[in-house]
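Just so you know, all these numbers are worked out from the coordinates, no wet-lab data involved. Treat the numbers as computed from the prediction; the structure is a model and nothing was measured. Note that each Cβ is placed from the backbone with ideal geometry, even for glycine, and that neighbours are counted across all protein chains shown.
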Amino acid sequence: MAGTFDISLDSLAGLSVAPENVSSEGLSASRQLQRESRTATGTLDGATFFLETFGCQMNDHDSEKVAGVLLSRGYKQVESPDAASLVLYNTCSIREKAAQKVFSRLGEYRTKQAAGQVIGVLGCVAQQEGEGIFERAPWVSLVCGSASYRKLPELLAQIEAGNQRVTGLDTDTDETFETPVTRRDNPWRAYLTIIEGCDKACAYCVVPFTRGPERSRASDSVLNEVRELSELGYSEVQLLGQTVNSYADPSSRRMRFSELLLAVADVPGIRRVRFTTSHPRDFGADIVAAIELEPKLCNHVHLPVQSGSTKVLREMVRTYTRAEYLEKIAMLREAKRPIAITTDIIVGFPGETEADFAETLSLLEEVRYDGLFSFKYSPRPNTPSLSMPDAISEEEKSRRLAILQEKQREIQGERNATLLGTRFDVLVSGKSRRENQWSGHSACHRVVNFTSQEANLLGTYVQVLVTSAGPNTLMGEQVT
Ligand code: SAM
Ligand code: SF4
């Protein structure tokens, strides 16, 4: 893996600190953090951080945990990079565009280091590019990959001590990133990572390289955090993992994923439990049975298919055929409660013919998903598909993507139209500038905009009657 290296535990607990052979421009970095005074408890007083996140929900949640670590060290969070002594980017590298974005952002901050600011890159791009980031952007002082966040306190201590080049890039850890303090962005819905990394080997994907092998959190630790969240007033929890349903309880309880779902739902005060992302291979009837049994388990499953062609699925190493995937869909459709199904699709994988693409379109027709995230194939470093023949041109990928999205728009419009006159339980999370207009999510994860005369609904659950529907949102009014 590019830029990754192992360091023994007794050498700074896995941290690497490069020699102080930095430019005069480099020497000013971290001075500001050095200048901040230490309090009696050893935490920093007066230091500030700005943290920008690009990427998936797991990245968002990692950032919440990173913010928790910084706050516990005495840093204060600020809204603008200009006001921060420490500027951090937590970035996704799943597609090339996301990776490019961070370098263009770093370019904007080239001059900031001279003004005493410390710049750091976290996440998958950091893991992937490693120390190469120092070459491309010498004004960066901290590079920390997504598998090394648990070492952040030590990394920060190095930065605060004035080191100019600090890295945490090892992936061969069996630990998960748990921190006593997590600063959550949403006051009602809490993310909770239950499994990190990925042991699947999809031919196009960087995640196994950037996030390391699968590590599950002990069920007791998960349940303790859910109890704490409930006491803090959270009523919805979303269990996260790249392949969340591959969860394997490392404790002696050996709870299955479906048992963990039920145990989380059983915590007093918890009203909704979500989980994402499920891998089709590990998606069993016990998960559907749990959703049927327990109304607090949200009736929504995100089950990425990636392609409707068995030939392409084989090339992608997805470990299931179109027919096997459709068996999982049939299982979900036969459930006693209606379960919303969403998916991810990649178009333009190397060698994808017009006939393969037509199979993806026909799968869309067959399943009739409630939502779709669609992507043009993006060649990524280190992945097996990088060297596959028969690349598809960007123009052709764009054409297929547009056709796919238009088909899904039609399907969603038709599906949502059938929901007119339905009542949904909505967790209210937003208020529009327009008077009496609110928005939130149903248990089946649909966005619902609605009118109500109530004064303050944020964080509450209300009943909404659907009065009109578009492909992406439902509109309605609060009913008692
Ligand atoms: N673990 C999940 C799974 O197995 O479906 C997906 C996690 S990934 C962060 C989210 C989505 O990004 C994938 O489902 C896939 O559709 C898309 N993706 C991953 N690598 C990609 C690539 N190289 N090019 C385009 N899309 C990609
Ligand atoms: Fe990537 Fe495949 Fe793992 Fe999902 S299951 S994170 S797509 S390697």
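Yes or no, residue by residue, for (1) within 16 Å of ligand 2 (Cβ to nearest atom); (2) surrounded by fewer than 16 Cβ atoms within 10 Å (Cβ to Cβ); (3) of a type in the set (Val, Ile, Thr):
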{"position": "334", "(1), (2), (3)": "no, yes, no"}
{"position": "343", "(1), (2), (3)": "yes, no, yes"}
{"position": "347", "(1), (2), (3)": "yes, no, yes"}
{"position": "371", "(1), (2), (3)": "no, no, no"}
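Can you work out which of the residues in region 70-100 that are outside any helix (DSSP H, G or I) and among the polar types (S, T, N, Q) is surrounded by the fewest Cβ atoms within 10 Å (Cβ to Cβ)?
Only one residue fits best here, namely 80.
Of the residues 442, 432, only one is of a type in the set (S, T, N, Q) and surrounded by 13 or more Cβ atoms within 10 Å (Cβ to Cβ); which?
On the way: 432 fails: surrounded by 13 or more Cβ atoms within 10 Å (Cβ to Cβ).
Result: 442 is the single residue among 442, 432 that is of a type in the set (S, T, N, Q) and surrounded by 13 or more Cβ atoms within 10 Å (Cβ to Cβ).
Give the residue that is farthest from the chain's Cα centre (by Cα), with candidates limited to residues of region 395-421 that are surrounded by fewer than 16 Cβ atoms within 10 Å (Cβ to Cβ) and polar (S, T, N, Q).
This residue is 418.
Quick one: would you say residue 320 is surrounded by 21 or more Cβ atoms within 10 Å (Cβ to Cβ) and of a type in the set (Phe, Trp, Tyr)?
For residue 320, the condition - surrounded by 21 or more Cβ atoms within 10 Å (Cβ to Cβ) and of a type in the set (Phe, Trp, Tyr) - is not met.
Within the group 364, 326, which residue is more than 16 Å from ligand 2 (Cβ to nearest atom) and closer than 29 Å to residue 98 by Cβ? Break it down into steps so the answer makes sense when it comes.
Details: 326 fails: closer than 29 Å to residue 98 by Cβ.
Sole residue among the options that is more than 16 Å from ligand 2 (Cβ to nearest atom) and closer than 29 Å to residue 98 by Cβ: 364.
Just checking, which of 225, 154, 214 is more than 16 Å from ligand 2 (Cβ to nearest atom), farther than 25 Å from residue 299 by Cα, surrounded by fewer than 22 Cβ atoms within 10 Å (Cβ to Cβ) and of a type in the set (Asp, Glu)?
Numbers: 225 fails: farther than 25 Å from residue 299 by Cα; 214 fails: more than 16 Å from ligand 2 (Cβ to nearest atom).
None of the others qualify; the one that does is 154.
Between 209, 257, 283, which is without any contact (Cβ under 8 Å) to a residue 40 or more places away in the chain and aromatic (Phe, Trp, Tyr)?
257
Counting residues that are within 11 Å of ligand 1 (Cβ to nearest atom), within 20 Å of residue 388 (Cβ to Cβ) and touching a residue at least 40 places away in the same chain (Cβ under 8 Å), which helices (runs of 4 or more DSSP H) fully inside region 293-374 reach at least 1?
310-316
State yes or no: is residue 282 surrounded by fewer than 22 Cβ atoms within 10 Å (Cβ to Cβ), within 16 Å of ligand 1 (Cβ to nearest atom), under 30 Å from residue 365 (Cα atoms) and of a type in the set (Asp, Glu)? Show your work before the answer.
Values: surrounded by fewer than 22 Cβ atoms within 10 Å (Cβ to Cβ): yes; within 16 Å of ligand 1 (Cβ to nearest atom): yes; under 30 Å from residue 365 (Cα atoms): yes; of a type in the set (Asp, Glu): yes.
Yes, satisfied.
Among the numbered conditions (1) assigned to a helix (DSSP H, G or I); (2) away from ligand 1 (no atom under 14 Å from the Cβ); (3) surrounded by 15 or more Cβ atoms within 10 Å (Cβ to Cβ), tell me where residue 385 comes up short.
Answer for residue 385: the failing condition is (2).
Report, by residue number, each residue of region 85-101 that is within 16 Å of ligand 1 (Cβ to nearest atom) and either in contact (Cβ under 8 Å) with a residue 40 or more places away in the chain or more than 18 Å from the chain's Cα centre (by Cα) (or both).
Those that are within 16 Å of ligand 1 (Cβ to nearest atom) and either in contact (Cβ under 8 Å) with a residue 40 or more places away in the chain or more than 18 Å from the chain's Cα centre (by Cα) (or both): 93, 94, 95, 96, 97, 98, 100, 101.
Which fully enclosed strands (runs of 3 or more DSSP E) of region 402-480 have 1 or more residues being touching a residue at least 60 places away in the same chain (Cβ under 8 Å)? Even if it seems obvious, please write down each step before you answer.
Working: elements: 423-431, 437-442, 447-451, 461-469, 474-479.
By residue number, 423-431, 461-469.
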